[in-house]
1. Just to verify a result, which residue in the stretch A:169-207, among those that are buried (at least 22 other Cβ atoms within 10 Å of the Cβ) and under 12 Å from residue A:2 (Cβ atoms), is modelled with the highest pLDDT?
2. How about the stretch B:25-41: which of its residues are under 14 Å from residue A:45 (Cβ atoms) and facing chain A (nearest Cβ under 7 Å)?
3. Return the pair list, or none, for Cβ contacts closer than 6 Å from residues in the stretch B:35-55 that are under 19 Å from residue A:12 (Cβ atoms) to residues that are surrounded by fewer than 15 Cβ atoms within 10 Å (Cβ to Cβ), at least 6 apart or on different chains.
4. Out of all the residues in the stretch B:2-46, which are out of contact with any helix residue (DSSP H, G or I) (no Cβ under 8 Å at 6 or more places or on another chain) and either surrounded by 22 or more Cβ atoms within 10 Å (Cβ to Cβ) or assigned to a helix (DSSP H, G or I) (or both)?
5. Return the only residue of B:22, B:12 being modelled with pLDDT of 80 or more and out of contact with any strand residue (DSSP E or B) (no Cβ under 6 Å at 6 or more places or on another chain).
6. What residue, of A:47, A:11, is part of a helix (DSSP H, G or I), modelled with pLDDT under 85 and more than 9 Å from chain B (Cβ to nearest Cβ)?
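The values are calculated or read from the model by the stated rules, or taken from the named source; none is laboratory data. All of these numbers come straight from a predicted model, not from anything done at the bench. Glycine gets a Cβ as well: all are built from the backbone with ideal geometry, and neighbour counts include every protein chain shown.
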């Protein structure tokens, strides 16, 4: 649900800056989906930080907002149409992708959920007590502590706050699974890099 | 991409739920929109706006 809501927020932002149709028109469905998702993830992370600093980051605030963002997909706006077209094109592109790429994608996609529900829980679980009291305090303590923590300077608080909200509305598992979705968004962006480099090389060789 | 999803240096962090990957993905997305065109013409304004959003209000490292 959080990923769908993030995509909804990202589409809204793209529409506001007038970039939705331009990016979709570039025929990079992977990148369009990843852009919408990541933009929403980042903007929501920043929003949660501000809300947490005011001590209001509770389910009463987060759940309705995420619900509204999810419902935006029901409004058949041009951005949603672009998203639907991108989803269809992504499936077509995956079918047309080289066999090697498909093998790599499938062979690494399938074990990830299994690893998530088995490996991480047993071997990689680092319980974060700081988030336990999040709901009662509105996460204000976490936001303030995270802001002054030296290690967070290069990364900001987007990840921390996303984690806190996922813990709030879901569970530890939901919070840990967000990296799984982000990995695919990174992969889609890298495919976009490859496409752009490919077209740049083609452009140079044709000159 | 193959090296990304076959590297234990990445997969372990994915399994562990390392949320710093979120900032990394935003930085990568920002740079994508700043890749120059083959003919080195001006980037569209939409590209710069989206890159700016990724680099500023919506994320990326602050320092």
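1. A:182
2. B:25, B:26, B:29
3. Going by the 6 Å Cβ cut-off, the qualifying pairs are B:51/B:34.
4. Those that are out of contact with any helix residue (DSSP H, G or I) (no Cβ under 8 Å at 6 or more places or on another chain) and either surrounded by 22 or more Cβ atoms within 10 Å (Cβ to Cβ) or assigned to a helix (DSSP H, G or I) (or both): B:3, B:8, B:9, B:45.
5. Only one candidate passes the filter, namely B:22.
6. A:11
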